[in-house]
Every structure is written in C-alpha cells, then in structure tokens.
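Read through the structure below, which is laid out as structure tokens, and then see the notes.
None of the figures in this text is laboratory data; all of them are computed from the coordinates on show. Values in this document were obtained by computation on a predicted structure and should not be read as measured data. All Cβ positions, glycine included, derive from the backbone under ideal geometry; neighbour counts span all protein chains shown.
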Amino acid sequence: MRKILIANRGEIALRVMRSAKEMGIATVAIYSEADRNAPFVRYADEAVCVGPPPSAQSYLRGDKIIEICKELGVDGIHPGYGFLSENAGFATAVRAAGITLIGPSPEAMNVMGDKLSAKNAARKYNIPMVPGTEGAVNDVEEAKRTALEVGLPVLIKASAGGGGKGMRIVEKIEDLEEQMTRAISEAQSAFGDGSVFIERYVAGPRHIEIQVLADNHGNVVYLFERECSIQRRHQKVVEEAPSSVLTPELRAAMGKSACDVARSCDYSGAGTVEFLVDENLNYYFLEMNTRLQVEHPVSEMITGIDLVKEQINVARGEKLSFTQDDLKINGHSLEVRVYAEDPTNNFLPDIGRLVTYRKPSGPGVRVDDGFEEGMDIPIYYDPMISKLITHGKDRMEAIQRMVRAIDDYDITGCQTTLPFCRWAIQHEAFVSGNFDTHFVKKYFTPEVLQVSDEDEMEIAALAALHAFSNKVKQQEVVVPTNGKSSSWKSRRMGV
Ligand code: MV4
C-alpha cells in the first residue's frame, strides 16, 4: 500500500494521515466546499474537493470517492468513523474496484450491522447476552410471553438500530402492545426495516467496550476495555481506560468473549465489542462496531499501540506483530469530547468562529483536533471541536491532568462543553468510580456550572485589586470565567 485516501474530515482525517506519514504512505484528502481551509486538507499530500457542504453531496459520495482513487492511483481507503465507515455497500464497491478498504469485509459489516444477526452469530460462541427474544417479534402474544418470562421492565429494540436509536422501555405488560406497534412503525420509517426484538431491561448498567484487533491469518487479540458510561442522550462525554470496576478475571473473560464475537463474523482489522455490565458484574454482549471509534486514543495511551498503523498492516495482509501476552495495561487514560455546544442551554450547538483557540500541552496530554484559531466551525457536520486526552501513572493522575488541561484550554468565540467535562470528572461519583450510564441524568443540572454569588463577589473583588495593583499599566486583568465555572481561572483580556 503506497497511497491511501482518507474518506473523512476533521480530527480523524488528520489522525489517520499522521500514522500513514510515519509509515511512508502518501495521503489523499477529500473535502467538501465547507472544509476548503481545514488543516487536514493542507496536511495531505494531495487533496480533491468532492462536492458541496452537505454530507450527502460530499463525504457520502462513495461513487465519486472511488473515481478519485482510480484517477490518482490510490490503493487503499481509510473511512474513519461515521460517514461511509460501516456501509457494506460502499465496502463492496471498493472491493469491486480493486481497492483495499482499511476495515472489515462487507460480510462482517452486514452481520454486525443488524443487532439480531449479530446476537445470532455470537450465540454460537456462548457469549453472555441479555435474556430476550432470539428473533424478530411481530406477534403480541409471543412478546408478552417473553416479557413475563424474562421479567419486566423490558426493552424493545430495533434490529437495524443501535447506539440507542429506536429503543423503548416497557414497565407494564398492558403497555407492551402499543409500544411494540409504535416501535415497529418507527423502525420501519427510520431504517426501512421494522424488525424489533425484546430484552430484559438491565437497570443502572455500565457501558464497557472492548477494543479488538484481528488479522487475516486467524489471530485475534483484545486491547482491554474502555469505560464509556458517562454519556448524555447516547452521546459519550468522558471515556477512560481501563475501567475501575473490572477485575483481572472479568477483564480476561470479557476480552475472550470480545475476541469470540470477532471470530463469529470472521472479523478483520480494528473493531469494538460493546457490553453492558450490571451491579453484580455480570456482563452482556450488546453489539459490535465495525470501525475505528472516536474514543480509540485512550486504548492507544494505555497499550502503546497505534491502532491506525495496525489497521493498515492488517489491510496489507500482514500478521499482527504482537500476541495477547505482549499486551499490558500501562497507567490510565481519560478522554473528554469538546463540543461547540452550550451546556447551560440544553447543549444547543453554539457554532461560531474560534476567535481564540489555544490548546493545552505538556506531560501526558494529547489533543486530537481538526481546527485552528480563526476558523469557523461548519454547521453541516458534528460540532465536535476536539478530543482532549490525558494519560497518567494511575487514574488520579489522569484526572488531575485532565482538570489542568481543561483549565489550560483557551477557546473563545463559542460556548464549549469544557466546563461540563470539568464538572463531570470532578464529581464525587466519578472520582470514586461509583457511577453508571445514568450519571448525567442523575446529577447534572445547568446550575452546577453557575458560579455562586459569593464566589462571584470574591472574584470581582480580587479582579479589582489585581487591576489596581497593576495601575492599569499592564494590558491584562484577571476576570471570572464567563460565570461558567466555579473554579479560579485567569482569562486574559485586553483592557
Ligand atoms: C440496554 C440497556 C439496558 N438493558 N439493553 C443503549 C445503546 C445501545 N447500544 C444499547 N443501549 C442500552 N441497552 C438492555 N437490555 C441500556 C442501554 C442504555 C445505554 C447503554 C450504554 C450506554 C448508555 C446507555 C444509556 C441508556 C440506555
């Protein structure tokens, strides 16, 4: 593989190109008209505009992307995450064009893309799953029998859904019929597939996923877990590795199950197997994501493995260069997602210009971003500005580094989720490790980000004192952080 095209944008396009560059592989960027001035376009050896800003006319134009590959002599495509990354039709077209997709086969994407077929494939390997229906349910009586058998409440899930889309909870048996009818028609219109199934509802679970890598020679390894329970409306907010609840035994058991899920679909490349873990540390397979995930850096930080390089090596037909026994957990890593959203206003996207953009650095800090100071955040795509990642010798150091890194981040021009992330990782439940997927719902209100009147007065008094003692000679004063954070922070402003 000599030249790869990155069928993506932003931070992940940059991140993939960096590894390719280190491997001596030439890179081709594709970009939409809205991303003309983005860093990833400049970073690539070659760049081609694929179309107007909307994704459907640019980043989702598989046909055009394959044409560009042919014209430029590209022999591999890295799809990143989102867009075409889990599109089996695209994977098939890439294969037909004689180009290597850096990812699993279209067959594996198809098996895992459908939640019921994923569970059925995994069943052959004795992987723990939440009790429920084995196939799609249409018959209300059968649904009721299942619900009573596994115990209420139950969840109705769309087989073509995933990531929480098309899920409904049923507490009372008399509500089942109506909820089922709705779930089926919703799934039909949202995914063009009305198949739904039923599972017992696991209350207060943790969301723990296992990173796997498989080559085309029958080797499968796991790169331990990522704890992703801190999420808001199925959008992950904080991810960490390792999880503070897994014992070595449980980690090994889940790791083996994850590798078996990969084997069940003849997986190739990097993938993620999602599990729920309940209060009694029982674990249940949920689904497999057949792509590199947003939060992959925390696994890289604790293993020292560059997942993109491994993906490329596997796609080239090479064997994995290490075995399970070679892998050890080194320290602890956290990631927070920095979004251009206002956490005090229901997380409404706050798209604007990055008037100031200065990122943190120093020991144990990694920033995966795709923006620069002065750039506008396009309205057409996900409003994620960056991923802020820290690594420390242990969990406490990773948390302390993250607080420091958040405080060192200087973004003006739009509201960001940084204050929310700071609040989350300093919360007693997070610090103690005693949390589940309901963390945000349970503890977050916009008020937790408001500075109290008393703090505000103290800050004002100190700011005045500071300004006075400097006799207005200097150009900077210390002012409070837009009233968005309860902590001290100096924000530099011209006077
Ligand atoms: C569940 C569940 C409880 N019981 N399944 C949501 C995302 C999708 N991958 C599966 N999800 C869930 N499935 C059973 N049987 C709770 C969730 C769930 C959840 C899972 C992971 C992370 C956050 C979540 C938030 C709400 C619900």
Check: When the label point is put 7 Å from the Cα of Tyr443 along its Cα-to-beta-carbon vector, which residues of the stretch 238-277 have a backbone N closer than 13 Å?
Finding: 238
Next item on the list: State, to one decimal in nm, how far the label point of Asp394 lies from the label point of Ser244, with both points 7 Å from Cα in the Cβ direction.
Entry: 1.2 nm
Note to self: Using the crude model of +1 on Lys and Arg Cβ and -1 on Asp and Glu Cβ, and no other charge, please compute the dipole size for the chain relative to its Cα centre, in debye to 20.
What the structure shows: 1040 debye
Next item on the list: For Asp306 and His217, calculate 0.36 nm times their separation in residues minus their Cα-Cα distance, and state this gained length in nm to one decimal.
Entry: 30.1 nm
Next item on the list: Once you have the Cα-Cα distance between Val403 and Glu177, take 0.36 nm times their residue separation minus that, and quote the gain in nm to one decimal.
Entry: 76.5 nm
Notebook entry, point to check: Can you work out the FRET efficiency for the pair Glu71 and Val431, with r the C-beta to C-beta distance and R0 = 56 Å, to the nearest 0.05?
Noted result: 0.55
Next item on the list: Give the percent of DSSP beta bridges with both residues in the chain that are antiparallel, rounded to the nearest 5.
Entry: 80 percent
Next item on the list: Please work out the ratio of the alpha-carbon Rg of the chain to 2.2 N^0.38 Å and round it to two decimals.
Entry: 1.02
Notebook entry, point to check: What is the Cα centroid distance between the stretch 237-285 and the stretch 301-334, reported in whole angstrom?
Noted result: 16 Å
Notebook entry, point to check: If you place +1 on the Cβ of every Lys and Arg, -1 on the Cβ of every Asp and Glu, and leave all else neutral, what size is the dipole of the stretch 244-303 about its Cα centre, to the nearest 20 Debye?
Noted result: 180 debye
Notebook entry, point to check: What is the log10 of I(q)/I(0) for the stretch 206-448, computed with the Debye formula using one identical point scatterer on each Cα and no solvent, at q = 0.09, 0.13 Å⁻¹?
Noted result: -0.39, -0.81
Notebook entry, point to check: Based solely on its DSSP helices, what 222 nm [θ] is calculated for the chain when runs of n ≥ 4 H residues each add -39,500 (n - 2.57) and the sum is averaged over all residues, nearest 500 deg cm²/dmol?
Noted result: -10000 deg cm²/dmol
Check: By how many nm would the segment from Glu22 to Asp325 grow when fully extended, if each residue of separation counts as 0.36 nm and the alpha-carbon distance is taken off?
Finding: 106.5 nm
Margin query: Which three numbers, in whole Å and largest first, are the semi-axes of the equivalent ellipsoid of the stretch 1-61 derived from its Cα gyration tensor as √(5λ)?
Written below: 20, 11, 9
Check: Cα convex hull of the stretch 24-112: mean projected area in nm², to one decimal?
Finding: 5.8 nm²
Next item on the list: Go through the stretch 60-94 and name the chymotrypsin sites (Phe, Trp or Tyr not before Pro) that are in a DSSP coil and have 16 or fewer other Cβ atoms within 10 Å of their Cβ.
Entry: Tyr81
Next item on the list: Could you run the Karplus curve 6.51 cos²θ - 1.76 cosθ + 1.60 with θ = phi - 60° over the stretch 333-339 and give me ³J(HN,Hα) per residue in whole Hz, x for Gly and Pro?
Entry: 9, 10, 9, 10, 9, 9, 10
Next item on the list: Can you figure out the FRET efficiency of Ala253 with Ala190, using R₀ = 35 Å and their beta-carbon distance, to the nearest 0.05?
Entry: 0.50
Next item on the list: May I ask for the distance between the Cα centers of the stretch 1-64 and the stretch 71-147, given as a whole number of Å?
Entry: 25 Å
Checklist line | Modelled label reach - Arg145, point 7 Å along Cα→Cβ, the stretch 167-192 residues with backbone N closer than 17 Å | finding: 177
Check: What residues from the stretch 216-236 fall in the zone where the backbone N is under 19 Å from a label point 7 Å along the Cα-to-C-beta line of Lys165?
Finding: 232-236
Notebook entry, point to check: Taking the Cα-to-Cβ direction at Leu152 and at Asn37 and moving 7 Å from each Cα, how far apart do the two end points lie in nm?
Noted result: 5.9 nm
